[in-house]
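See structure below.
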Amino acid sequence: LITARTAMNNPLDDLSNVTQPRGVERLVRGIATSDGAGVKLTRVLTQDLQRRLDPFLMLDAFRNENPEDYIGGFPNHPHRGFETVTYMIAGRMRHHDSAGNQGLLGPGGVQWMTAGSGLIHSELPEQQEGLMEGFQLWLNLASARKMTAPSYRDIPSMAIPEFETEDVTRVRVIAGEFGHVAGAVQRPDTEPLFLDVHLPAGSRFQQALAPGYNAFSYTYRGSISVAGTDVPDRHMAILTNTGDGVLVETGQDSRFLLIAGRPLAEPIVQHGPFVMNTPEQIHQAVRDYQAGKFSAAAVQAL
Ligand code: CO
């Protein structure tokens with residue numbers, strides 16, 4: 001693991017230029033909804049996009065100033081069959097799980113949780129006022145790993161590899177690789193790329209993307225231009241699958257997530273917090289949950 005903010009050569013030096021930027025296939029605003037105990041959020045990646053954006057199952061964005069819109073948090077609930085990635089921009093969230101683990105997620109930090117065979121956890125705000133902003137991404141597990149033992153990693157902001165380029169573009173490498181920089185997390189099968197990019201006015205950013213990997217961006221400050229298409233604040237851009245990478249330009253200070261991954265091309269059957277490959281596996285998940293097997297699971301902190 002590369003620790004953050006160590007001196008390093010500009011990782012852009014060795015980046016092969018993107019010669020055929022992927023275009024924007026579709027802009028998505030998402031759906032305003034609430035989850036947990038009344039947390040207001042925008043479901044950006046909805047169930048109807050799971051096949052198109054395989055291996056990603058869900059992206060929620062939350063940005064609430066009013067405590068009434070987040071104070072209830074997400075009390076005890078189960079998960080099975082996939083991974084949850086929580087990325088905080090502002091505010092603090094404490095998590096507890098059925099094995100007695102707990103952790104505090106602060107601004108810039110990530111919790112990467114592999115639900116695997118199943119656990120019960122809660123995610124509750126540790127603040128009474130002020131901005132609560134962040135994201136939760138759901139990443140599928142390959143069928144062979146869906147029943148793996150549950151585990152998680154709390155990654156504080158300081159442990160996320162981050163650097164600035166000469167034009168003061170700031171890139172935080174949460175998962176995958178940017179130039180020579182390995183992200184905080186590497187995952188098999190889905191090989192996710194998860195970057196948080198802060199782009200100053202008048203600058204540009206490029207990133208090579210493996211052919212066939214599904215990819216999208218989500219703008220959460222300012223407005224960016226992806227291969228010539230404007231992608232305003234609070235919009236996801238689903239990228240086409242032709243081309244060798246992504247090219248982003250902006251006329252104003254902007255921030256966006258860039259997320260890509262290798263599709264699993266397996267059946268997806270979701271029932272609430274359970275995502276499996278067949279209806280029978282979903283029935284089994286419900287039976288196991290009702291039988292208390294999730295509460296008994298040992299959850300490892302990795
Ligand atoms: Co959860």
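Below is a table of values for the structure above.
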item: Of the criteria (1) farther than 18 Å from ARG172 by Cβ; (2) more than 18 Å from the chain's Cα centre (by Cα); (3) modelled with pLDDT of 95 or more, which one ILE238 fails; result: (2)
item: Output for segment 136-154, where each listed residue is of a type outside the set (Gly, Ala, Ser) and either open to solvent by 50 Å² or more (accessible area, probe 1.4 Å) or more than 21 Å from ALA297 (Cβ to Cβ) (or both); result: LEU137, ARG145, MET147, THR148, ARG153, ASP154
item: Residues being within 16 Å of the ligand (Cβ to nearest atom) and either open to solvent by 10 Å² or more (accessible area, probe 1.4 Å) or more than 22 Å from GLU126 (Cα to Cα) (or both) - total across segment 62-77; result: 6
item: Residue list for segment 96-116, filter: open to solvent by less than 30 Å² (accessible area, probe 1.4 Å) and either in contact with a Lys or Arg (Cβ under 9 Å, 6 or more places away or on another chain) or away from the ligand (no atom under 12 Å from the Cβ) (or both); result: GLY103, LEU105, GLY106, GLY108, GLY109, VAL110, GLN111, TRP112, MET113, THR114, ALA115, GLY116
item: Residue check, ARG94 without any contact (Cβ under 8 Å) to a residue 40 or more places away in the chain and of a type in the set (D, E, K, R); result: yes
item: Selection within segment 143-172 - in a loop (DSSP other than H, G, I, E, B) and more than 17 Å from the chain's Cα centre (by Cα); result: LYS146, MET147, THR148, ALA149, PRO150, THR165, GLU166, ASP167, VAL168, THR169
item: Segment 96-124 - residue that is aliphatic (A, V, I, L, M) and farther than 17 Å from GLY36 by Cβ and, of those, modelled with the lowest pLDDT; result: ALA99
item: Top-ranked residue in segment 117-135 [being within 17 Å of the chain's Cα centre (by Cα) and more than 12 Å from the ligand (Cβ to nearest atom); ranked as surrounded by the fewest Cβ atoms within 10 Å (Cβ to Cβ)]; result: GLU133
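The values are calculated or read from the model by the stated rules, or taken from the named source; none is laboratory data. Here the structure is a predicted model, which is why all the values come from computation and not from measurement. Positions of Cβ are generated from backbone atoms using ideal geometry, with glycine treated the same way; all protein chains shown enter the neighbour counts. When the accessible area is computed, the model is the full protein with side chains, heavy atoms only, and any ligands, DNA or RNA have been set aside. Shrake-Rupley method; radii C 1.70, N 1.55, O 1.52, S 1.80 Å.
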